[in-house]
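Just so it is clear, none of the values below were taken in a lab; they were calculated from the coordinates. Worth saying up front: this structure is predicted, and the values here are computed from it rather than measured. When we count neighbours, we look across all protein chains shown, and the Cβ atoms used for this are built from the backbone with ideal geometry, even at glycine.
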Amino acid sequence: MRRSHAPIFWLLFGAGGMHAALLGIALVFVTGVAVPLGWLLPGDALAYPRMLAFAQNGIGKLLLFAVISLFAWHAAHRLLCTLHDFGIHKGLAAKSLFYGAALLLTLVVGWNLLALGF
């Protein structure tokens, strides 16, 4: 029996789906509605110096990397499923395009977070 790489992609898809379901809506609400209107935190809570300090912290880097990269892998798999729903066969080219874009975004995010320093 030939081994498949599918479990790796399903793991990334599942983890991204869990993050999207549990954290996605909360992140949109907090960063897009609550903080700008001053409901939860002061208005300067998302100011550039604070967010830069968060992104330069090791735990902050890990959280940002996990959220962005797992959302990207989840989106790549969802887009492939959407192709199938539209009757387009998801062949090697489509898989390479979508999963390659998710991999590229993951690498770019990792590189940029490391470039920020600690």
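How much net charge surrounds residue 99 when only other residues with a Cβ under 15 Å from its Cβ are counted (Lys, Arg +1; Asp, Glu -1)?
Net of charged neighbours comes to +3.
Connecting C-alpha atoms closer than 10 Å in a GNM of the chain, tell me which of 46, 64, 107 has the biggest fluctuation.
Taking springs between Cα atoms under 10 Å, the residue moving most is 46.
For the chain, give the magnitude of the charge dipole about the Cα centre (Cβ charges: +1 Lys/Arg, -1 Asp/Glu; no others), in debye to the nearest 20.
Computed about the Cα centre, the dipole is about 420 debye.
Using 1/(1 + (r/R0)^6) with R0 = 30 angstrom and r between the beta carbons of residue 118 and residue 23, what's the FRET efficiency to the nearest 0.05?
0.80
Looking at 24, 104, 66, which one has the Cα that reaches farthest to the positive end of the dipole of the chain (charges on Cβ: Lys, Arg +1; Asp, Glu -1)?
104
Label the chain by shape, choosing from rounded, prolate and oblate, from the square roots a ≥ b ≥ c of the eigenvalues of the Cα gyration tensor; if a/c is under 1.5 it is rounded, and otherwise prolate applies when a/b is larger than b/c, oblate when it is not.
Cα axes put the chain in the prolate bin.
What are the chymotrypsin sites (Phe, Trp or Tyr not before Pro) within segment 1-30 that DSSP puts in a loop, where the Cβ has at most 12 other Cβ atoms within 10 Å?
Answer by residue number: there is no such site.
Rounded, prolate or oblate for segment 1-64? Axes are the square roots of the Cα gyration tensor eigenvalues, ordered a ≥ b ≥ c, and the cut-off for rounded is a/c under 1.5.
Oblate, since a/c reaches 1.5 and b/c is not below a/b.
Is any residue of segment 12-27 close enough, with backbone N under 19 Å, to a label point placed 7 angstrom from the Cα of residue 83 along the Cα-Cβ axis, and if so, which?
12-14
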